[in-house]
Amino acid sequence: MMTYNTILIIACAYLLFTFLAAFLTQKWPLLQRLMSENSLVYALSLTVYCSAWTFYGSVGRAATTGLGFIGVYLGPTLLAPMWLFMLKKIIRISNYLRITSIADFISSRYGKSAKLGALVSIVCIFIIIPYISIQLKALEFSFYLLQDGNFAKGTSGQGAAFYFDPSIVFVVIFAAFAIVFGTTNLDPSEKHPGLVNVIAFEAIIKLVCFLIGALAIVYFIFNGIGDIFTKAQSKLNFNALSVVGNGSSSYQSWVIISLLSAMAFLFLPRQFHMAVVENNSVRHIKKATWLTPLYLFAISLFVLPIAFAGTILFDASIEPDTYLLSIPLQQGLSGIALVVFIGGLAATSGMIIVSMISLSIMISNNIFLPFLLRIKKQYTYFLSDLNGRLMQLRRVLIVAVMLLSYGFYKFFSINYSIVSIGLISFAGIAQLAPAIFFGMYWKWATEKGAFAGFSVGIILWFFTMPLTNLAELGILDSSLLTEGLFGLSFLKPTALFGLGGMDVVSHGTFWSLTANCFVLITVSLNSKRSPLEISQSDIFLNPEKYYKSENPRAYVFERRADFEELHRVLKAILGEKKVKEVMLQYYGGNVLSNFPIYADSGFINLVESHLSGSIGAASAKILLNHVVDQKPIDPEELISLLDETYHVYEYSQLLEKKSKELSDTTQELKEANKQLKELDDLKNIFISNVTHELRTPITSIRSLAAILGKYDVEEEEKAKFLKIIDDESERVSKLIDQVLDLRRMEAKPSLVKSAFQIDELIRKIVSGFEEVKHQRAINMQLEPLKIYTDREKLQQILINVIANAIKFTDYSAGKIDIKAFASKNKVFVEVADNGIGIDEKHQKKVFERFYQVNSQGENKHKGSGLGLAICKSYANAMGIDLKLKSKIGEGTLISLEI
Amino acid sequence: MNKKVLIVDDEENILISLSYLLKKEGYAVKTAANGKEAIERFRQFKPEVVLLDVMMPEKDGFSTAREIRQMDETSDAHIIFLTAKGTSQDKLKGYTSGADDYVVKPFDNEALLDKIMDKFV
C-alpha cells in the first residue's frame, strides 16, 4: 500500500522522464535522424493501439468471454500483410498531398470538401472523447487501487476527498506534453520526431511492465500456466470460457470484432496519425507487418491465464478489468502492482497524447479554419502569422479536448467498462472505411455519396450502439429497447427490422456498415463529380502517376494569382527563408529581384501543397480562393485531360522500361561484340599461323620438285629429296585435318561409349611417343581402373595433353609424371611436367580456340592453337573436368576428373 | 672464287633444298638454323648474300638483319628475306630493318636465283 503522494510522485517522475526523452530527441538532430530512419521505431509507434484497454480491459473481457478478447489483436494481425500495398498506397497519397489527418484524407479525396472534412472531424470528437475519458477512468481506478489496496468494487477512491483527482493531474500533464511536442512543428509538415520516439519508447515500457506483472502472477503466485488451468477447471465451467463458441452469436462477434479492430488499427485518428502522418518512409512498413503483430501476440499471450487466475482468487465482487493489479495487491506484491500501474500509465498516456494531437489537428484544419478563413477579417488575422496562429489554435483545442474528456469521464463514464466504450468507438471509426476504400479503389465515388453514406452509417451506429447503451444503463427510457423507437417494433435498436439474436456490436456494425456502403454506392451512381473531385480522385486512384513524375496537376487547372499577394500568403506559412528556397526552386535565378506579375498554375499548386501540409486541403483551398482566379473547366474536358496525363504517365513508364531494356541489350551487344572481336583477332592470328604453317612445307616441296626437274640429281640425293617431299606433304595434310577438326568442334561431338582400362590406354599412348620423347623421362603411376566413356576421344585428349607436355619440356632434362587413380567415386588422370609453364594471365585462355601463348618471333613451339581447345570441347561433351595448374618456369599440371 | 651465300632458316628441309640448289648454281654456301648462329657465321664467312628467314624462334629475321648491319657497317652484303608472311606491312618492316629484297615462300627457284644474281650484276 502506498500513499497518494508516493504514487503521484513516481508517476510524475515517469512522465517527466518521457518529457526528457522527447526533448532530447528533438534537441539532437543526429539522434532525431537516427530514430526517424529506423523502421523499428515506426513499428513500435504503431502499438499506440495498445491502450488501457490492453492493460486492463482485455483481462476483463477474457474473464467473461474467454478467447473472445483476442479478436482485437487478431484483426490487425490478419490484415497486416495488406499494409504492404494498402497502407503503402495511403502513405503515398498522403505524402504527395501532405495530408494532416484522417479527416483531411477523406476531405481531400472528395474534392477537398470542407463539409465532409468537418463532418468526419465532429464525429471523431464524439467517438474519441468518450474513448479518452474511459482511459482516464482506468488510470484513476488503478491509481486508487494502488493507493488503498481496496480492490473490491465500488469502494475505491473515497479516501482522496482532500486531494485533486489524480486523473486531472495526469490529463493536464498529457495536455502539456501534447502542446509542447505536438504543436511546435519546426517545418510545415505534421511530423513530430520527439513524439514518435516517446511512443516507441512507451511501447517497450508497456510490454515489459505487462510481462513482469503477468509472469509474477503466473509463475510466482501460481505454478505456471498448467497450474492455473487445472485450478480453473475445478472451479469454473472451463469449457465455456476458453472455447470461442460461447453461444451461437459468438463466432459472429469474433469475426465482427476482428474486422472492426483491423479497420480501427489504421483509421482511428491516433493510428492514422502514427501510421501515415508521422511516417517517414514507406520502406518502414515492411518491418511493421511482422513486428507489430508479434508485439500484439506477446502482450496478449498471458491474458487468459491472468483472467483465470483472477477468477480462481476472487469472487464476483472484484472487477475483472483490475485483475492484473488486484492479484499482486492481494498477494502483497505492491512492487509488482506499481510496475503494472506504470505500464498502464504508459499505455494511457501514449493513447491520450496522440489522440489529443490528432484531434486538435483535425478540429483546427477541418472545422475551425475552413469556417474562419471564409471571413475576410479572420483571413487577414491568420495570414499575418499563420503558423503562430495555427499553433495557438491547436493549443487551445488540446486544452478543450482535455477538459471535454475529463468532464465526460466525471459525468458519464463512471458506469462503463473499457471494452464496451472501446468497441463502440471502433464501430464508429469503421464508418470511415467505406469512404476511404471506395475513395481509393472506385473512381465514381462522389462527395455526395461519401457524405450520405457516412451520415447514414453514423446515424445507425448511434442508434444501435451508444443509444442502446444509454438505454441499458437507464439514462434513457428503457422502453426504447423493448418497444422500439416511437413504439415501432421494427425500430428496436438491438433488432432492427426484426434482425434479432445478435449481440449489440455485431448487430450495429452489420446494419451501419451495410447501409453506409449501400448509400455511398447508390448516391455516387446518381451524382456527378465536380472537376476538383475528378482531379483529386485521380490522385487517390493512381498515386504512382503523381509522386513519380513532375507535378502533372499543374496543367489540369488553369489558375492565376497576383504574385505579390501569393508571395505574402506563402511567407506567412513558410517564413521568409523557406519561401526564397521554394521560389528559387520553381522559378530559378533572378526571381528574387524581379517578381513576375502573375503566378502560374504550377507555382500556385506548389503553394497550395505547402499550405495543405499545415492547414489541410479544404482550408488551403478556401484560403487560396481569396487570391487565386481559376478558369472554369468542363468536367468532360477534365476527364479527358486526366486520361491524357495517365496515358502520358503510362507511356513514360513504358519508355523508361524500354530504355532500360535497350541499354541492357546494348550492354549485351557490347559484350558479345567484344567477344566476337577477340575471337576475330584470334582467328586472324590463327589464319596467319596456318598459312605460315602451310607455306613452310610447300616451300620445301616446290623447291625440291623444281630441283628434281632441273638437275640430274644423284640417286642418293634424289631419294632423300623424295622422302622430304613425302614428309612435308604429310605435314600439310595433317594441318588440313586439324582445321577440319575445328569445323567439327563447332557442332557437339557425338559420343561412342565403351568400357576399357584407363591404364592400358595411357601406356599405349605413351609408347607412341617413344620416338619423339628423346631423353625426357616419362614416369607412370597407374592404378588398373576400368572406366566407361568415349575411348577414341579420351585418347585424343590424352595425346594432346602428353604431346604438349613433351613439347614444352627440355628434350634432355624433361620429366613427365602421369598418374591415374580413383578418389571419391571418380577417376583422376594427372599429367605433370617440369617444362616452361604458363603464366597466370594465359592460363584461362589456353583452352580457347586459336590461342597460343608464344608470341610471334619466339615461335619455337609451332601449332595451330587448336589442340587444347579441341580437348576442352571433347572433355565438356564427355563430362570430364579438365583443369590446368601451372607456374611459369616450374611446369604444368593438367588433371582430368572423369 | 665462288660467290658466297649464307642461308638462315629454322626449317631443316628448306636448308637442304636451298643449299643443294645454290651449290648446283656454283655458289659457296653456309647455313644457319637461327639468328644467333647466323651472326656468327656471317662474321666468319663474310657472305655477299644472306637469305634470311623471318619467323624463327628466339631471334627473328628482322632483328637478326639489324644486328648484322650494325655489326659490320662496311659490309655491303645483300640481305634477302625469305618469309611465309606476305603482307605489305611485313615488307615495309623488312626494308626498314635493312633488307635489300624480299621473297615470299613458297618461291620459284628461278626467281630466287635471279634475285641473288642481281647482287653480282
Compactness summary of segment A:4-429: radius of gyration and Dmax from Cα atoms, Å, are 21.4, 74
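Report, in debye and to the nearest 20, how large the dipole of the protein assembly as shown comes out about its Cα centre when Lys and Arg carry +1 and Asp and Glu carry -1 on their Cβ. Walk me through the intermediate numbers first.
Values: 103 positive and 99 negative charges, 426 e Å.
Once rounded to the nearest 20, the dipole reads 2040 debye.
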Value of Rg to Rh for segment B:8-121 (Rh from inverse mean 1/r over Cα pairs, i.e. Kirkwood):
0.92
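Please arrange A:64, A:696 by counting, for each residue, the other beta carbons lying within 10 Å of its beta carbon, fewest first. Please list the in-between numbers first.
Numbers: A:64 16, A:696 24.
Ranked by crowding around the Cβ, least crowded first: A:64, A:696.
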For segment A:307-385 versus segment A:275-291, the gap between their alpha-carbon centres in whole angstrom
23
Counting only residues 5 or more places away or on other chains, whose amide H sits under 5 Å from the amide H of residue A:887 once H atoms are built in the peptide plane?
A:838
Using the Cβ atoms and a cut-off under 12 Å, what net charge is assigned to the surroundings of residue A:639, where Lys and Arg are +1 and Asp and Glu are -1?
-4
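Around residue B:48, with a cut-off of 14 angstrom between Cβ atoms, what is the net charge of the other residues, counting Lys and Arg +1 and Asp and Glu -1? Walk me through the intermediate numbers first.
Working: positive: B:3, B:4, B:30, B:41, B:46, B:115, B:119; negative: B:25, B:72, B:76, B:100, B:101, B:118.
Here the count lands on +1.
For residue A:824 and residue A:705, what does the FRET efficiency come to when R0 = 45 Å and r is the distance between their Cβ atoms, rounded to the nearest 0.05?
For R0 = 45 Å, the calculated efficiency reads 0.15.
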Roughly how many nanometres apart are two label points built 7 Å out from the Cα toward the Cβ at residue A:594 and residue A:172?
6.1
For segment A:316-326, Karplus couplings with θ = phi - 60° (6.51, -1.76, 1.60), whole Hz, Gly/Pro x
5, 6, 9, 5, x, 4, 9, 3, 4, 8, 5
Return, ordered by residue number, the residues of segment A:271-315 whose backbone nitrogen is under 14 Å from a label point located 7 Å along Cα→Cβ of residue A:39.
A:280-293
DSSP-loop GluC sites (Glu not before Pro) across segment A:741-825, with at most 16 other Cβ within 10 angstrom:
A:770, A:771
Checked segment A:256-402 against the a/c 1.5 cut and the a/b vs b/c comparison, axes a ≥ b ≥ c from its Cα gyration tensor; verdict prolate
With an 8 Å cut-off on Cα pairs and a minimum separation of 6 or more residues, tell me the relative contact order of chain A in percent.
15
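Do me a favour and compute the ellipsoid semi-axes for the protein assembly as shown from its Cα gyration tensor, root of five times each eigenvalue, largest one first, whole Å. Spell out each step's value before the answer.
Details: eigenvalues 1858, 309, 138 Å².
Taking √(5λ) for each Cα gyration eigenvalue gives 96, 39, 26 Å.
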Can you sort B:78, A:774 by how many other beta carbons sit within 10 Å, fewest first?
A:774, B:78
Could you check the spin-label model distance between residue A:385 and residue A:255? Points 7 Å from the Cα along Cα→Cβ, value in nm.
5.8
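Could you work out the local net charge near residue A:406, counting Lys and Arg as +1, Asp and Glu as -1, over the other residues with Cβ closer than 11 Å to its Cβ?
Working: positive: A:137, A:410; negative: A:140, A:165.
Net local charge, residue A:406 excluded: 0.
Counting only DSSP beta bridges with both residues in the protein assembly as shown, tell me the antiparallel percent, nearest 5. Numbers along the way, then the final one.
Numbers: 32 of 56 bridges.
That works out to approximately 55 percent antiparallel.
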Equivalent-ellipsoid semi-axes of segment A:340-464, from the Cα gyration tensor, Å, largest first:
28, 26, 14
Percentage relative contact order, chain B, counting C-alpha pairs under 8 Å, at least six apart:
22
Inter-probe distance in nm under a simple model that places probes 7 Å from Cα toward Cβ, at residue A:12 and residue A:727
11.5
Built amide H within the under 5 Å cut-off of residue A:780, gap 5+:
A:818
Residues whose placed amide H lies under 5 Å from that of residue A:191, excluding near-sequence neighbours:
none
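Is it possible to state the helix-based mean residue ellipticity at 222 nm for chain A, with each DSSP H run of 4+ residues giving -39500 (n - 2.57), the sum divided by total residues, to the nearest 500 deg cm²/dmol? What is it? Write down the numbers at each step before the final one.
Working: 39 runs with 589 residues, N = 898.
About -21500 deg cm²/dmol.
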Tell me, what HN-Hα J-couplings in whole Hz come from the Karplus equation 6.51 cos²θ - 1.76 cosθ + 1.60 at θ = phi - 60° for each residue of segment A:58-70, using x for Gly and Pro?
4, 4, x, 5, 5, 5, 9, 10, x, 5, x, 5, 7
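Taking the Cβ-Cβ separation of residue A:191 and residue A:634 as r and a Förster radius of 56 Å, what is the calculated FRET efficiency to the nearest 0.05? Numbers along the way, then the final one.
Details: r = 39 Å, r/R0 = 0.69.
E(calc), rounded to 0.05, equals 0.90.
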Over the Cα atoms of segment A:638-743, how large are the radius of gyration and the largest Cα-Cα distance (Dmax), in Å?
31.9, 108
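Every number here is computed from the coordinates shown, using simple stated rules; none is lab data. Every value quoted in this text rests on a predicted model; they were computed, and no experiment measured them. Neighbour counts run over all protein chains shown; Cβ positions are idealised from the backbone, glycine included.
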